[in-house]
Each structure stands twice: as C-alpha cells, then as structure tokens.
Amino acid sequence: MERDQIIKELMIAGRPFSVEYCDLTPADCLGKAHVAQQRILIEAGLGYHARRATILHEILEVIDSLYELNLDHRVISALESALYQVLQDNELWRDDW
C-alpha cells in the first residue's frame, strides 16, 4: 500500500472499530475513541507520522477502557510513544497506517 492510503477499520480485542478522519475540536484534540460506538476519530489534517502515533494512542485508549485498566493519560501517552518507536525502528508498521 502507498503512504497516502489510510486504514479504515481495526480489530481491537475481537471487536471491529471504524477509523474515521474528520476535523476535530478543540484544535489540540488529535483523536478520540468512542468505545461504545466502536469508532475512532482522527484529525484529518495530520501528517503521516502524527496519524500513526494518534491511531496507536487511541488503540491504547480503547484497550484501557475495555479492560478497565484505569490508566492515567500520562501512562497511555508514554506507552504510545515507546511502542511507536519500537514499531518504527523495527519496520513493523502496516503500510496503510
């Protein structure tokens, strides 16, 4: 897949989640997970790497909610950053992310 192709659906904990790209508000909101609706919203204007990091972040938010982990947002952000780097450094990303 080409770099500009974007993932539209993810399976998380055996559940299908749609991934939608839209203009989010407030301006500092890059993504939002709606677990009950099985939807992940991502800011449409994000670049390639920011989009991947944001999708990963929202996946972690969904996992946190589904498994009732009650992780602090700071922990989710740290896990996102660390996992992103592992995936990036080891070329483990799917092309459509």
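Quick check, is His57 within 15 Å of the chain's Cα centre (by Cα), at pLDDT 95 or above, under 20 Å from Leu92 (Cα atoms) and not in a loop (DSSP other than H, G, I, E, B)? Here the answer is yes, as His57 does meet what is asked.
Scanning the stretch 35-66 for residues that are among the β-branched types (Val, Ile, Thr) and farther than 16 Å from Tyr21 by Cβ yields a count of 3.
I'm checking my understanding of the structure. Among residues of the stretch 25-50 that are within 14 Å of the chain's Cα centre (by Cα) and assigned to a loop (DSSP other than H, G, I, E, B), which one is nearest to Tyr67 (Cα to Cα)? Only one residue tops the list, namely Val35. For the stretch 8-20, a residue qualifies if it is of a type outside the set (D, E, K, R), in a strand (DSSP E or B) and surrounded by fewer than 17 Cβ atoms within 10 Å (Cβ to Cβ), and the qualifying residues are Met11, Pro16, Ser18. Among residues of the stretch 22-66 being hydroxyl-bearing (Ser, Thr, Tyr) and free of Cβ contacts under 8 Å to residues at least 40 places away in the same chain, the one that is farthest from Ala82 (Cα to Cα) is Thr25. In summary, Trp93 fulfils each of the numbered conditions (1) without any contact (Cβ under 8 Å) to a residue 40 or more places away in the chain; (2) at negative phi; (3) part of a loop (DSSP other than H, G, I, E, B) with the single exception of condition (1).
The values are calculated or read from the model by the stated rules, or taken from the named source; none is laboratory data. Just so we're clear, the structure is a prediction, and the values are computed from it rather than from any experiment. Ideal geometry is used to build each Cβ from the backbone, glycine not excepted, and the neighbour counts take in all protein chains shown.
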